[in-house]
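Beneath this line is the structure, given in structure tokens, with notes to follow.
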Amino acid sequence: MDEFTRAEILPFCRPDIGEDAIAAVVQTLRSNWLTAGPKTAEFEQRFREYIGCRHAIATSSGTAALHLAVVALGIGDGDEVITSSLTFCATAHAIVHERAAPIFADIRAGDYNIDPDAIRARITPRTRAIMPVHIAGHACEMDEILELACEHNLHVIEDAAHAVGARFNGRHVGAIGDATAFSFYATKNITTAEGGMLTTNDDALAERARLLSQHGIDRDAWHRTEEHGSWYYEVQAAGYKYNMCDVQAAIGLSQLARLENFIARRRQLATWYTQGLQDVPEIVTPTENANARSAWHLYIVRLDTNALRIDRNQFIAALREYKVCTSVHFIPLHLQPYYRDVYGHRPGDLPVTEFAYERIVSLPLYTRMTRDDVDYVVQAVRKIVARHRR
Ligand SMILES: *Cc1c(COP(=O)(O)O)cnc(C)c1O
């Protein structure tokens, strides 16, 4: 350890839970209503207003929201859904759970998002949907994706786990495709510890998804049947236990109120990173397309490994020596044993995805980071590059 190295580890990520969230949880615990109730309904309403969509259904996780969308759209046996491989496994699992096949399309080198031309090349008579993943909080090329969907009569289910607050052509992600799944996992831009949200503008889809999220139980049945009492309910489908609870929603309400400030802070931190690294040719910094407002969930840099004598893994280890924690988003799904073996994928199937995977590193990015933290990471990166430059 040299004089430069900080004493404390700089974590990769850290939630930002305010005293207001803690007070809201305590108040909810004291209210005697713990599970889905008034707080969940209020969180759904505020979320709907924020996104500018017709329906928001709070769920137990982002994974549950993705799965609900697949089931509610009737995707099943023998169907194909086109998505990217550079994503978390939950994206493709939601497809596999309904016995449909995830078809991986390659990404664009610039922003790591699914390439519309690659989607087009993968469409077959069995394709039922496109599942774009807004990686790092930067929206995919949604105009082209919606056009393809329209042309081939496909559904668009967006994995917006990284993208709460992201916009495309001025519209919020969540008000664009047929259905959008958000995650409020502890590492995401806003959190409920565990939780998610499904949004849609389609009334029938929303009704179906809500029913399926609560065991297929129609809570309103007793309203319609006057002779029955409040104990009466009807099971209309073999649904799931996917609802959010009021304790989570209480945290979510306080987080949502702070979301715009969170994004502004993340943008500021990203700007400082880029200012500190843009003159280092061995480090390719992330950019924002003119038609997109990124939610800046991640700050992904790409190493020019030809210009360095170390690879990505050694770069990560070198940053760890300086007490900086990083991550990789993601190990491509088509290279994971399950997807490789079951779907017969091989290295080389998705060249742009694999090229990116071997070179990307996500630097720490969270609202409670300071300017000094960013400057420290920048200096550490510059030292490592200078030491290992070819
Ligand atoms: C976090 C994440 C999910 C899953 O969200 P959970 O709330 O953890 O279920 C899905 N897709 C992507 C890309 C994610 O990062």
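What follows is calculated from the coordinates using simple rules that are stated; it is not laboratory data. Nothing here was measured: the structure is a model prediction, and the numbers come from that model. Cβ placement follows ideal geometry from the backbone for every residue including glycine, while neighbour counts extend to all protein chains displayed.
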Please give the calculated 222 nm ellipticity per residue for the chain, where each DSSP H segment of at least 4 residues contributes -39500 (n - 2.57) and the sum is spread over every residue; nearest 500 deg cm²/dmol?
-> -12000 deg cm²/dmol
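With a cut-off of 8 Å between alpha carbons and a minimum separation of six or more residues, what is the relative contact order of the chain in percent? All intermediate terms of the calculation are to be shown ahead of the outcome.
Details: 798 pairs, mean separation 88.0, N = 390.
Once divided by the residue count of the chain, the mean separation gives 23 percent.
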Difference of contour (0.36 nm per residue) and Cα-Cα distance, residue 352 to residue 120 | 81.9 nm
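Could you compute the FRET efficiency for residue 186 and residue 388, with r as their C-beta to C-beta distance and R0 at 25 Å, rounded to 0.05? Present the calculation step by step, with values, prior to reporting the outcome.
Details: r = 34 Å, r/R0 = 1.35.
Efficiency, from the Cβ-Cβ distance: 0.15.
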For the stretch 161-307, what relative contact order do you get, as a whole percent, if you take Cα pairs closer than 8 Å and at least 6 residues apart?
-> 26 percent
Taking only Cα atoms and a 10 Å spring cutoff, compute GNM fluctuations for the chain and point out the largest among 55, 162, 152.
-> 152
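Mind listing which GluC sites (Glu not before Pro) in the stretch 8-67 are in a DSSP loop and have 10 or fewer other Cβ atoms within 10 Å? Each step should come with its number before you reach the end.
On the way: sites: 8, 19, 42, 44, 49; in loops: 8.
In loop regions of the stretch 8-67 (DSSP not H, G, I, E or B), the sparsely surrounded GluC sites (Glu not before Pro) are 8.
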Please get the size of the charge dipole for the stretch 165-274, origin at its Cα centre, with Cβ charges of +1 on Lys and Arg and -1 on Asp and Glu, quoted in debye to the nearest 20.
-> 880 debye
Please find, in a Gaussian network model of the chain (springs between Cα atoms separated by less than 10 Å), the residue of 280, 374, 71 whose mean-square fluctuation is greatest.
-> 280
Within a Cβ distance under 12 Å of residue 98, other residues only, what is the Lys/Arg minus Asp/Glu net charge?
-> -1
How large is the Kirkwood hydrodynamic radius of the stretch 297-344, in angstrom, based on all distinct alpha carbon pairs?
-> 12.9 Å
Looking only at aspartates and glutamates whose Cα falls under 12 Å of residue 39's and that sit 8 or more positions away or on another chain, we get 246
Rounded, prolate or oblate (a/c below 1.5 giving rounded, otherwise prolate when a/b exceeds b/c) for the stretch 25-77 by Cα gyration tensor = oblate
Suppose every K and R has +1 on its Cβ and every D and E has -1 on its Cβ; what is the size of the dipole of the stretch 121-204 about the Cα centre, in Debye to the nearest 20?
-> 220 debye
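Tell me the net charge near residue 133. Cut-off is 10 Å between Cβ atoms, residue 133 excluded, with +1 for each Lys or Arg and -1 for each Asp or Glu. Mind showing how you got there, number by number?
Working: positive: none; negative: 158, 159.
Net of charged neighbours comes to -2.
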Provide the descending list of Cα extents for the stretch 169-304 along its principal axes, expressed in whole angstroms.
-> 74, 28, 25
Solvent-free Debye scattering, log10 I(q)/I(0), computed from the Cα coordinates of the chain at q = 0.11 Å⁻¹ = -0.81
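Tally Lys and Arg at +1 and Asp and Glu at -1 over the other residues with C-beta under 12 Å from the C-beta of residue 262: what net charge comes out? Before the final figure, lay out the partial values.
Working: positive: 188, 258, 265, 266, 267, 368; negative: 16, 260.
Around residue 262, the surrounding residues sum to +4.
Work out the length of the dipole vector of the chain about its Cα centre, built from +1 on the beta-carbon of each Lys and Arg and -1 on the beta-carbon of each Asp and Glu, and round it to the nearest 20 debye.
Values: 41 positive and 49 negative charges, 232 e Å.
With only Lys, Arg, Asp and Glu charged at Cβ, the dipole is about 1120 debye.
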